[in-house]
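Participant: Take a look at the following structure, please.
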Amino acid sequence: MILAALIVFSVAVLAANTGFATGAQGDVLRVRFGGDADRTRIVIDMERTASGNLVEAGEGGRVVLSLSGVSAGRGVEGRGLGLVRGYAMRGAGGGAELTLDLAGGAEVERRFLLPPGDGVNHYRYVVDLKATDAVIAARPDRNPPRYTASAQARTRPPLIVIDAGHGGHDPGTLGGRVNESAVTLQAALTLKDELERIGGYRVMLTRTSDVYVTRSRRVAIAREADADLFISLHADAGNDNTTRGASVYTLSEQGSARAIRVATGRQDWHADLQLPGRDPSVDRILLDMTQRATQNRSAHAARILLTHLEGSGHPMLGRSHRDANFEVLLAPDVPALLLEMGFMTNPDDEQLLTDESGRRRLMRAVAQGIDRYFDQPDESVMVAGAGQAGGGR
Ligand SMILES: [Zn+2]
């Protein structure tokens, strides 16, 4: 099945690269968008709780929401998506004020505050917009657009969580000279080093020594830290020792369905969402929306990383970008990649992964690929993903 999706990845104010620092007064962290031209969700991430008041509700082509209890910091503005053409978050009257310029007729369907919980450690204020009936009726094609778009702007440097696969009593693939768990740890430390060399990123590792970390804990680390990208490092094994090359995996449709089940199946999820009526099917749709946006973002990151690795001359496995159902990638709201760096069972790859300079070359290319992903002020891209996961894990 071909999954076609349009991503509008708009990092309007890439404060990450300018060292924008949030103050201690309880700032708005960032504004995120998800959804499409029928329904658009705006999530305001905040360091503390706030109460919202709708100043304008869309009648004049604008929605204005005042938030008391938080500061807008230096403010942030940029392009929206779906029903929102552009937005600005500014300080106003001792609080913050979000102005949404609408792309068409839209109304506020609901808005609510989410306290920290379910793996997220900050407050979120959520506004859901829906197209007015008049707008939908006026469309020549009554079918909803078949794309999901996603955009976000940050007020602090992106956080990359690097996951060194395996560890402790789980050595992973056994190579001729060294285990996968040792190779992934060295690679993770080198990638951290290379990202810090580029600068403008916060970097966190799921493990820094030869210890066992459960897969659910690895995902929880990324969610609790509110990571902007999760990258899990592994090395493949194959029956044929001539098979070599790197490959990049993202979450499959099947995997995302499972992530949704996992999240909606949790008792505290409904409590966390605080939706009017607590309608589980509505929760599911909203989570699905988040998941699709995350999936698109992951696929986008995978393409950029692949292109960069190919360009750097690193040997790649044929048709490298695969969709996999790896449990380690199952966080519904954190874009995630799994990089199989090469084959432990291939002598050339093993040499490349265990040799300090070979490893550094590869991790430098990975860091540059990640940097390229975050350094896209306005990117529209068609993403096509299909097929079955192959190879080992
Ligand atoms: Zn592995």
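Coordinate-derived values only; no laboratory data. This is a predicted model, so every value here is computed, not measured. Here Cβ is always computed from backbone atoms with ideal geometry, including for glycine, and neighbour counts include all displayed protein chains.
Participant: Quote to one decimal, in nm, the extra length available between Ser312 and Asp133 on full extension: 0.36 nm per residue of separation minus the C-alpha distance between them.
Facilitator: Extra length available between Ser312 and Asp133 comes to 59.4 nm.
Participant: Run the simple label-point estimate for Glu196 and Arg62 please: 7 Å along Cα→C-beta, distance reported in nm.
Facilitator: Roughly 4.5 nm, to one decimal.
Participant: Could I ask something else about it? Report the gain in length on full extension from Val178 to Ser209: 0.36 nm times residue separation, minus Cα-Cα distance, nm rounded to one decimal.
Facilitator: Separation in residues times 0.36 nm, less the Cα-Cα distance, equals 9.6 nm.
Participant: Hey, with R₀ at 22 Å, roughly what FRET efficiency would Asp240 and Ser357 work out to, going by the Cβ-Cβ distance, to 0.05? Intermediate results must be reported in sequence, preceding the final value.
Facilitator: Numbers: r = 27 Å, r/R0 = 1.22.
Efficiency, from the Cβ-Cβ distance: 0.25.
Participant: Sorted by mean Cβ packing within 10 Å, highest first, what order do the peptides 358-369, 194-205 take? Let's see the in-between values first.
Facilitator: On the way: 358-369: 20.8, 194-205: 16.2.
Listed from highest to lowest mean packing, they are 358-369, 194-205.
Participant: Among Ser247, Ser209, which comes first, second and so on when ranked by fewest other beta-carbon atoms within 10 Å? Please report the intermediate quantities before stating the final value.
Facilitator: Numbers: Ser247 26, Ser209 9.
With the fewest neighbours first, Ser247, Ser209 line up as Ser209, Ser247.
Participant: Roughly how many whole Å is it from the C-alpha centroid of region 151-200 to that of region 26-52?
Facilitator: Computed from Cα coordinates, the inter-centre distance equals 30 Å.
Participant: Additional query: Ranked by Cβ crowding within 10 angstrom, fewest neighbours first, how are Phe112, Phe343 ordered? Kindly include the intermediate steps, with their values, before the conclusion.
Facilitator: Numbers: Phe112 14, Phe343 30.
In order of increasing Cβ crowding within 10 Å: Phe112, Phe343.
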